[in-house]
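Here's the structure, in structure tokens; my notes come after.
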Amino acid sequence: MFDTARYDREVLRPLRGTHGQLPPGDLLARYSIDPDMDAAELTDHLREIRAFWARRAQAPDFRGEVCKLLIHTDQALRRTAGAAMDDPAWWREQAQLYPATRTYLADDPLDRSVDVAATSTDLHDWRAQARRQFWAALATVDRHLPLVVAAPVAPPRPAPAAPAPLSKSSLTLRVRPTVAENDLCRVELSWPAEVTAKVLVRSSTDPSPFVEGEEISPAQAQQWGAELTGTPVQRDGRLVLTATVPTGYRLYLPFEVSGAHLRVGRPAGLGIAVPLQRLRIERDGAGARVSWVWPSDSTLFAEVAWGGLDAEPAEHAEVTRERYTTGNGFAIPDVRSGVRVSIRAVADVGGSRAYSPATVAGLEPAPASIAYDLRRRWRLGGPSELLVTLRSDRDCNAVQVYVVVSAGEFLPLDRTAGRLHARLGPLRLSGDVPLVVACPWPDVPKQERPSWIRCFVQAPSTVSAVDPPIDRMRII
Amino acid sequence: MTAKLACPFCYNPIRRRGDLWFLCRGRATARKAACRPSVDEARRRLTGFAEPTLPAFPPAVEPSLMPKNKVHCPRCGGETAIRACPHCHTRLPQEFGVSASPMLVMVGARGTGKTVYLTVLSRELESAKIGHEFNATVQPIGEGQDGFGSQSQWLRQNIRRVYDEFQLFPATAQAVDGRKEPLVLEWRVEHANRLGLRRSRTNYLSFYDTAGEDLAGDIETQGLHYLRAANFLILLLDPFQLRGARDELRLPAAATPRHEPTKDVLARITEALKLSDHWNGRKITVPVAVAFTKMDAFYDLLGESHPLRRERRRPGGYDESTGQTVHQQMGALLKAWGGDDINSHLRTYYRDYQYFFVSALGAEPNYDNATVNPIGVHPDRVEEPLLWLMHRGGLVPKVAP
């Protein structure tokens, strides 16, 4: 009897939050198959569990998502294994294979499965082939998972050192931050006290060009990073070197001194207050919205400082992740005259605060804003006039105003989308002083209504025209 | 004419608050044993909820003009004041029926971003910003069952997925037998009455998110009784489906999957609505907010001084002036993108519609990986279609010019 509650508890729930593709896992558990089932029971059970997935796939919660992935994976398996899935022997093979296969997936499932298949399924080569394809497909998916699953705050880390055969004697470092002050952090680097050779440690933000285990000359070593100086002290069976380094992500590489050569140890990486990435300032009305990508480390908050383009930051704010999410970024109220924003990530290191290097961006002053209004002036015994009232937020010279008339349901998007009715200018606008210019009222036949009057503004410097309310632009 | 009151869960009309049923609380009395929960067939049929619930029963016929708020269960004799829908027997909030509770149906072709929009809109409505602006408290209501968590759980899960996990959604599952649980939000607002006294008013906004596949066939569309019961429609249009818009952008193939033409989907919705009370013989009378989604893709193209990006609504209600500007600008863009047929269809068949500019995410996502932009979710103008509709329904005021 298929126990849905147990299945939910033991299979669906552990897969909660899986998106894109299912990770490799216990095939028999996912199908809830008892290896002792006979062929008829197996067929019935597969029908039942597939129907269960189809039903649960409609659920609006995580179960729906997981069941859709199970259905998708099942379809892929049916394509490769085919009728073998209805054979209890095939499932018994899976029961034997599963533990070895699962542990091996992280390395190279394809080769391993070949070995296993060769020893246990000599009589069923076609099944072994199907199985190989299935597990290989899952392993491929597994390797690509980090690309599928969102990494919203992936810091730009240096690539690790080139892969090398693991050496049992490779010197391995432990790196631990102890205290920080502003953008400097004190770290403790330690290695086993049994290492009798002299150890040098170099650090850099760049990836190491050396291969673990190789022997290099001191001159080669000096081409990468800077040496961390100091005298190691013995503590708890380890030799501990204390050094002060800048915050951010750094790579630490130990070298064992062996005569005139240095033997490269295993690199260790540590990020302390990793800088905020992709700082972006976008105009939002008169203000601006600042956004960035948070690092994945334990950043407490971002310190945002802003001010005029050529001035020191006059305003500061501490923005937590929650405040950032709730506020849809960080809003600066008025940036019409331009703004320069500097942000630093602030992290906790042993009770002290570490500040990341600053990330800086600027926004140029907003273009001059020229607002216009339209009004009809009726004249006794004469044609009526169109009064265009222009108002700029700063002084503007040689402003040309194109009055465009267009028929249709919607207003013209640009000046070529209508008929040029009048060209006003060149005009000189003084900041906040309205200028009224008159031109004949456009004569629009009734059959062309509704029509629109819209002004397009051109000036030697960049300007933006602000339209009046829509009903002032419409000729009914 | 659409019923003024309807169950926010099953969308069946309810004549008046006095017609609401009661739900037994399952409390034993001195003389009788308590009622036991059992599966309610009516509820299962209408809403798909198949968990055991305590029995619902109709109110006794009272000669009095004042219906009782507390009654006794005819089976166990226990006292109860819990209200339930007379059709689907789903528990309703105590204040349901006192004020208007409009039903909003979101329609749109597959891949227009309805689920993302509903998730982001709900979160925005629950945010402190909207709360302060309207002096309102907004929260999802409803109960769930095993395997089919409540819509509030669904919403929390979706919000977590989009905001914390930076994941987008696969295509929404097709409604089972044409039904799917709506998302019901309680909108409780404090306001001053004509005498200046502070009063609270509670409205229930029921959102029904149609799956794109539900609109793929004539029969399914006609089966959407939610569409016919709606008080308002939010029609989401994907501009990427318009060739003119697509040509202006450099979009990855994953952003422009081949779907049925927008006009065909719109025509199907229209046909379904023509079979309902919304059709007055000439036009469809239900107000339709036509929201163009994914507009963040056009930010660079429009430029920061474009009215659609520069002009912001004034807070405190629906801003008619900004709304008209957006309508005009979007209408002109629709025409420029070769979507004249969509506008003609709307003009011909719909009496009351308005265009909106919406970006639920506020920054271009990674369409290939279906992930949100790493800078996070920055919704842009998502609440404007709803404010317009709520203004139409008399629930929010118009901002003074």
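The values are calculated or read from the model by the stated rules, or taken from the named source; none is laboratory data. Note that this is a predicted model, so its numbers are computed, not measured. Positions of Cβ are backbone-derived with ideal geometry, glycine not excepted, and every protein chain shown enters the neighbour counts. Heads up: the accessible areas ignore ligands, DNA and RNA and are worked out on the full protein's heavy atoms, side chains in. Shrake-Rupley method; radii C 1.70, N 1.55, O 1.52, S 1.80 Å.
Per residue of A:300-307, how many C-beta atoms from partner chains lie within 10 Å of its own C-beta, taken as a mean?
Counting other chains' Cβ atoms within 10 Å and averaging over A:300-307 gives 0.
For the charge dipole of chain B, defined by +1 on Lys and Arg C-beta atoms and -1 on Asp and Glu C-beta atoms about the Cα centroid, which residue among B:Met106, B:Ala360, B:Gln328 has the Cα displaced farthest towards the positive pole?
Sorting the options by dipole projection puts first B:Met106.
About its Cα centre, how strong a charge dipole does the stretch B:280-401 have in debye, to the nearest 20, once Lys and Arg get +1 and Asp and Glu get -1 at the Cβ?
Details: 14 positive and 14 negative charges, 126 e Å.
For the stretch B:280-401, the charge dipole is close to 600 debye.
Hey, can you rank A:214-222, A:331-339 by average C-beta count inside 10 Å, highest first?
The peptides rank, most packed first, as A:331-339, A:214-222.
Take every residue in peptide B:122-130, count the Cβ atoms of other chains within 10 Å of its Cβ, and give the average of those counts.
Shielding by partners across B:122-130 averages 1.
Could you order B:Phe169, B:Phe22 so the one with the most accessible surface comes first? Probe is 1.4 Å.
B:Phe169, B:Phe22
What number, in percent, do you get for the relative contact order of chain B if the mean sequence gap of Cα pairs under 8 Å and at least 6 apart is divided by its residue count?
Result for chain B is 16 percent.
Given charges of +1 on the Cβ of Lys and Arg and -1 on the Cβ of Asp and Glu, with all other atoms neutral, how large is the dipole of the protein assembly as shown about its Cα centre, in debye to the nearest 20?
3280 debye
For peptide A:318-327, compute the average count of partner chain beta-carbon atoms within 10 Å of each residue's beta-carbon. Working shown, then result.
Values: counts 0, 0, 0, 2, 0, 0, 3, 6, 5, 4.
Partner-chain Cβ atoms within 10 Å, mean over residues of A:318-327: 2.
Is there a quick way to get the dipole size of chain B? I mean about its Cα centre, with the Cβ of Lys and Arg at +1 and of Asp and Glu at -1; what is the value in debye to the nearest 20? Show your work: numbers first, answer last.
Details: 53 positive and 44 negative charges, 363 e Å.
With Lys and Arg at +1 and Asp and Glu at -1, about 1740 debye.
Rounded to the nearest 100 Å², what is the sum over both chains of accessible area buried where B meets A, with a probe of 1.4 Å?
Approximately 3900 Å² gets buried when B meets A.
How much of the accessible area of the stretch B:17-92, probe 1.4 Å, is carbon plus sulfur, in whole percent?
Carbon plus sulfur share of accessible area: 54 percent.
So which of B:Lys68/B:Lys398; B:Lys114/B:Lys263; B:Lys263/B:Lys294; B:Lys32/B:Lys70 end up more than 26 Å apart by C-alpha?
B:Lys68/B:Lys398
With a 1.4 Å probe and every protein chain left in place, work out the accessible area per residue of the protein assembly as shown in Å², rounded to a whole number.
Values: 40860 Å² over 877 residues.
Accessible area per residue: 47 Å².
If I fit a long axis through the Cα atoms of helix B:114-126 and take the longest principal axis of the Cα atoms of chain B, what angle between them do I get, 0 to 90°, rounded to 10?
Once rounded, the angle reads 70 degrees.
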